[in-house]
1. May I ask you to list the chymotrypsin sites (Phe, Trp or Tyr not before Pro) in segment 86-137 that are in a DSSP loop and have at most 11 other Cβ atoms within 10 Å of their Cβ?
2. Rounded to two decimals, what is Rg over Rh for segment 51-139 when you use alpha-carbon atoms and the Kirkwood radius?
3. Through the Karplus equation 6.51 cos²θ - 1.76 cosθ + 1.60, θ set to phi - 60°, convert the phi angles of segment 117-133 into ³J(HN,Hα) values in whole Hz; use x for Gly and Pro.
Amino acid sequence: MTAKDFLNQAYCLNKLIQSHQRELAELEEMGACISSSNLSGMPSGSRNTEAPFVRQVMKKIDLENQIKQEIANLIDLKKQIHDAIDALTDPKQRLVLRYRYIEFFPWGKIIDEMKDSFYSERQIYRFHSEGLKNISMTV
């Protein structure tokens with residue numbers, strides 16, 4: 001695994017969590033719709049005695065537990081990434097890598113943030129590249 005692959009793991013896991021959270025919101029929205037019950041008094045022919053919403057509730061609980069576990073994994077992973085970045089000696093490299101791999105800033109925002117310190121776009125990309133090389137020695 002390259003240093004960049006290592007650092008990108010948190011971004012991917014964060015996106016996965018967001019996807020699961022959207023799925024959970026959709027399940028909650030669907031759960032708000034109560035299915036109609038059999039009002040005719042006649043048996044429905046199905047042997048399933050489970051209420052129709054039970055499967056929905058179980059899916060929701062499973063997904064909530066999965067999200068909690070993924071969040072715990074993300075916290076642990078970000079700690080590892082944080083420690084690897086903090087091990088760098090150059091503060092400019094640390095800053096660029098923190099913006100990119102801990103705060104998930106897009107390049108445009110990183111460049112805007114660092115232009116205040118009078119760094120050119122080219123210098124910022126160089127700080128990133130050098131930081132990745134130095135992290136690969138520690139990972």
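1. On the way: sites: Tyr99, Tyr101, Phe104, Trp107, Phe118, Tyr119, Tyr125, Phe127; in loops: Phe104, Phe118, Tyr119.
Passing sites in segment 86-137 are Phe118.
2. Working: Rg = 19.1 Å, Rh = 15.3 Å.
Looking at segment 51-139, the ratio lands at 1.25.
3. 8, 6, 9, 7, 4, 4, 4, 5, 5, 5, 4, 5, 4, 5, x, 4, 4
All of the numbers you see were taken from the coordinates with simple rules; none came from a lab. These figures come from a predicted structure and were not determined experimentally. Heads up, the Cβs are rebuilt from the backbone with ideal geometry, glycines too, and the neighbour counts pull from every protein chain shown.
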